[in-house]
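Notes follow once the structure below has been shown.
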Amino acid sequence: MRGLVMADAVDAVIAQWNKERPDLDVWPMGVVGRLSRLSRLVEQTLKRFFAEHGLESFEFDVLATLRRSGSPYELTAGALLKAAMVTSGAITNRIDRMEAKGLVERIRDSEDRRSVRIRLTPEGLRLVDELVGLHVENEIRMLSALGPAERDQLSGLLRMLLESMGDTSLD
């Protein structure tokens, strides 16, 4: 079935605009509309997956960010804030909730009491290690319509768009 172009909801929107405003070249709506729809579908799928495991998507993001930082699986609150791309109030609320669940702990810097590091607890480490493989399998299912070359091409194109909009490095 690969190679067969099928119409989707965005095609219908474009067809309507082409009929009503033939003077406009609405090609960007095809790309942006599909990215928007895909983003919502991916978010819904991930939300369901993490809910099945007693987590919110943001909780897994924090756990995974800490886990991939390497032992001792901790980061400053500021580094987590930057990685999460949310407000400081939001990250504080998230850490509070995760601390109450026993997934992370706050560690005060012994030399600078103003500095706080967020560290995975043994339970947080166990949970993220248990879920990361299942999460990857879930993502593989979501991308199963694409072959290896298509995945690489899509990844490169999305990277190019992100960079062009200023989303470069987390550092």
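The values are calculated or read from the model by the stated rules, or taken from the named source; none is laboratory data. Fair warning: this is a prediction, and the values are worked out from it, not measured in the lab. Reconstructed Cβ throughout: ideal geometry from the backbone, glycine too, with neighbour counts over all protein chains shown. For accessibility, only protein heavy atoms count, side chains too; no ligands or nucleic acids. Shrake-Rupley method; radii C 1.70, N 1.55, O 1.52, S 1.80 Å.
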Among the residues in the stretch 101-108, are any open to solvent by less than 50 Å² (accessible area, probe 1.4 Å), free of Cβ contacts under 8 Å to residues at least 40 places away in the same chain, assigned to a loop (DSSP other than H, G, I, E, B) and on the phi < 0 side of the Ramachandran plot? no
Would you check if Val62 is of a type in the set (Val, Ile, Thr), in contact (Cβ under 8 Å) with a residue 60 or more places away in the chain and in contact with a helix residue (DSSP H, G or I) (Cβ under 7 Å, 6 or more places away or on another chain)? no
Residue that is nearest to Ala77 (Cα to Cα) [pool: residues in the stretch 118-133 that are surrounded by 12 or more Cβ atoms within 10 Å (Cβ to Cβ) and free of Cβ contacts under 8 Å to residues at least 60 places away in the same chain]: Ile118
Kindly check whether there is at least one residue in the stretch 78-89 that is at pLDDT below 95, not in a helix (DSSP H, G or I) and not aliphatic (A, V, I, L, M). yes
Quick test of your reading of the structure: Ser115 fulfils all but one of (1) at pLDDT below 95; (2) open to solvent by less than 90 Å² (accessible area, probe 1.4 Å); (3) within 19 Å of the chain's Cα centre (by Cα). Name the failing condition by number. (3)
Among the numbered conditions (1) at pLDDT 85 or above; (2) not in a helix (DSSP H, G or I), tell me where Leu161 comes up short. (2)
Are any of the residues in the stretch 25-43 more than 30 Å from Ser144 (Cα to Cα), without any contact (Cβ under 8 Å) to a residue 24 or more places away in the chain and among the aromatic types (Phe, Trp, Tyr)? no
